[in-house]
Amino acid sequence: MIDWGLETGIAVSLLIVLVLLVRRPFARMFGAGATYALWALPLVRLFLPEITIPVFKENVPNILTNIALSETIQPSLAVTKPVADISEGFNIGLGFAVMWVAIGIIWFTYQILRQSAFMSRLRLETQTAPQRLQPEINKAMATLNLRRCPDIRLSKDNMGPIITGVIKPIIILPHNFCEDYTLAQQHFALVHEFAHIKRFDLWAAFVVLMFRAVNWPNPLVHYAAHKFRVDQEAACDSFVLSKIKGGSTATQSYAETLVHAAKLGKSQKLSVPLSLALAQQNEDKNDD
């Protein structure tokens, strides 16, 4: 069990390093969506069974066969490992596994409780979006063919635009959204947040949270989660640009919306804000 954990942990870490090294040139060659898909490699490797090489009888050297036969003929010469040692080794492995799972569950539960408290605070400190915003909401939903409208609320402390929640997502807009954003910027901001729902990005973030819980002692996994979110935002932007119409004019307007949201919005944890996406992308550009 310990050997499997070490082998899998090393393999997952190597795949994460590989993705971190190739993500930027890969994005330039194949696009943001393909780069985002690369992050499935460490997750898939986590659930792959252990790879073993079968040894057939004809491949076994004659000397080993003779030794096996001699032990069969003279069982008294065979050396048997004491039962106590086997039991002791098993208990150590079992205890290690229980400790690993327990800490992972505690870490995951803590994150879920933080998210739940954040959602509760949002419901108390926000209000329902005004009716005058409904035409833009309907237009944004039609752009993505989104059938079910999520809960859209306005924040009193000018938070957003952000989306949070998995089963029942909530989109939070700043209280002055209708005044500080033009109609085009309102449309693009709503389409961006709706795109996260359409693409199941919130569920993907939830899976990454579980992946981090399983690999809780590996700092590389937690660092990679940050880069995963950057690539998720870039893939979402690419998806939005593929859905909106208007050519270069629409692309420029969408970019202006990102910049505008970055200036006015506030970065919040446990959410997917437009401003956070732009800030993280700029951070990566500065690293180049």
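The values are calculated or read from the model by the stated rules, or taken from the named source; none is laboratory data. Being a predicted model, the structure only gives us computed values, none of them experimental. So basically every Cβ, Gly included, is an ideal-geometry build from the backbone, and we count neighbours across all protein chains shown.
When restricted to residues that are touching a strand residue (DSSP E or B) at 6+ places or on another chain (Cβ under 7 Å) and small (Gly, Ala, Ser), the stretch 110-145 contains 1. When LEU190 is tested against the conditions (1) farther than 30 Å from VAL44 by Cβ; (2) under 21 Å from the mean Cα position of the chain (by Cα), the lone failure is (2). Checked against the criteria, ALA213 does not count as surrounded by 21 or more Cβ atoms within 10 Å (Cβ to Cβ) and aliphatic (A, V, I, L, M). GLY165 falls short on exactly one of the conditions (1) small (Gly, Ala, Ser); (2) farther than 21 Å from TRP203 by Cβ; (3) in contact with a Pro (Cβ under 9 Å, 6 or more places away or on another chain), and that condition is (2). Within the stretch 120-144, track down each residue that is of a type outside the set (Lys, Arg) and surrounded by fewer than 16 Cβ atoms within 10 Å (Cβ to Cβ). Once the filter is applied, which keeps residues that are of a type outside the set (Lys, Arg) and surrounded by fewer than 16 Cβ atoms within 10 Å (Cβ to Cβ), the stretch 120-144 yields SER120, LEU124, GLU125, GLN127, THR128, PRO130, GLN131, GLN134, PRO135, ASN138, ALA142.
For beta carbons closer than 6 Å, sequence separation of 6+ or different chains, a first residue in the stretch 105-128 that is more than 16 Å from VAL208 (Cα to Cα) and among the acidic types (Asp, Glu) and a second that is modelled with pLDDT under 90 and part of a helix (DSSP H, G or I), there are no qualifying pairs.
I'm trying to understand the selection: among the residues of the stretch 238-255, which are part of a helix (DSSP H, G or I), in contact with a helix residue (DSSP H, G or I) (Cβ under 7 Å, 6 or more places away or on another chain) and of a type outside the set (Gly, Ala, Ser)?
Once the filter is applied, which keeps residues that are part of a helix (DSSP H, G or I), in contact with a helix residue (DSSP H, G or I) (Cβ under 7 Å, 6 or more places away or on another chain) and of a type outside the set (Gly, Ala, Ser), the stretch 238-255 yields PHE239, VAL240, LEU241, LYS243, THR251, TYR254.
Does PHE228 fit the bill of being crowded, with 19+ Cβ neighbours inside 10 Å and modelled with pLDDT of 95 or more? In short, yes. Exactly one residue out of ALA255, ALA261 is small (Gly, Ala, Ser), buried (at least 16 other Cβ atoms within 10 Å of the Cβ), over 18 Å from the mean Cα position of the chain (by Cα) and modelled with pLDDT of 75 or more: that is ALA261.
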